[in-house]
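Below: one structure, written as structure tokens.
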Amino acid sequence: MNKIRFTFLGTGAADYPEDFGMAKNKFDKDVRRASCVLINNQFLIDCGPHVLESLKIKSCSPYKNTKIFITHTHSDHYNQKNIEDIVKKAHFPVKIWCRRDASIIKISDTEIIRMTEGKKYFFGDGFSVIATDANHDEKSFPQHYFFNFSGKKFFYACDGAWFLTRSYYLIKDAELDMIVFDTTCGDYLGDYRMAEHNSIPMIRNMLPSLRTINAVTSKTKIFLSHIAPSLHKSHKETCRIVKQDGMIPAYDGLDVFL
Ligand SMILES: [Zn+2]
Ligand SMILES: [Zn+2]
């Protein structure tokens, strides 16, 4: 079976710089663009303000069988203009996936798939996806995605703090191959965002329980994303801080193969 390729086009939060300066047209581990993942050069998770530039830097062109999975409608994840640009370049009608009640503006040549929570949808060759509501600003219609790529299980959990009970049951005994956590806040206690975003200590607390319920096992790749540079140390220092916990901070441009 061919490996599934996950490309982190962005790993930052909403505190990205207005001007990328020296990091324009290239990736820098300490200058993060808005979080976004491209799977197999076809499927985008989120389509925020920097996606076109990231695709260019990475020389990726996801215009064949394009699907866009929107996690929620905050502006660092959902950019109407950039979606329209991708739709224009796409070879086939683009499918946009979102929460059942999301305010998504219809664009011609697209199909909007409003997902029922907990329902399994099949797409591609042996691929499926289930959405589950996230613990995040309700007005942004947040959801996490549980993908199954021909047996490779991937849970994408940005944005959202902790997990809701439904998500717990969804990933219980899943033996995930890969999980991506919202890690907006760094390695400190007391941040006020505890009901919308995670910090490193919150994930540190969750991981042993996720191991107990067999969601995470020794083979699970544990990535941190949606990292707010203003709330974190440098990328290198963050790698050092979380190494003993088995977590890997993602960075813009990173490719992971499963
Ligand atoms: Zn965000
Ligand atoms: Zn958000």
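Please treat every number below as a calculation from the coordinates, not as lab data. Values in this document were obtained by computation on a predicted structure and should not be read as measured data. Positions of Cβ are backbone-derived with ideal geometry, glycine not excepted, and every protein chain shown enters the neighbour counts.
The equivalent ellipsoid of the stretch 123-199 has semi-axes of 25, 13, 10 Å, largest first, where each one is the square root of 5 times an eigenvalue of the Cα gyration tensor. DSSP beta bridges confined to the chain are antiparallel in about 50 percent of cases.
Checking every one of the trypsin sites (Lys or Arg not before Pro) in the stretch 32-102 against DSSP loop status and a limit of 11 other Cβ atoms within 10 Å picks out Lys64.
Sparsely packed loop sites in the stretch 181-258 (the trypsin sites (Lys or Arg not before Pro) outside DSSP H, G, I, E and B with at most 10 other Cβ atoms within 10 Å) comprise Lys219. Averaged over all directions, how much area does the convex hull of the C-alpha atoms of the chain cover when projected, in nm²? Averaged projected area of the chain's Cα convex hull equals 12.8 nm².
Of the residues Cys185, Cys239, the one with the fewest other Cβ atoms within 10 Å heads the list, and the complete ranking is Cys239, Cys185. Given a 10 angstrom Cα cut-off, can you work out which residue in Glu196, Glu237, Glu117 is the most mobile in a GNM of the chain? Per the Cα network of the chain with a 10 Å cutoff, Glu237 tops the list. What the Cβ-Cβ distance of Lys64 and Cys239 gives, at R0 = 30 Å and to the nearest 0.05, is a FRET efficiency of 0.30.
Of Gly124, Gly190, Gly160, the residue with the greatest mean-square motion in the GNM of the chain, using alpha carbon springs below 10 Å, is Gly190. Only the Cβ atoms of Lys and Arg (+1) and of Asp and Glu (-1) were treated as charged; on that basis the dipole of the stretch 5-257 about its Cα centre amounts to roughly 720 debye.
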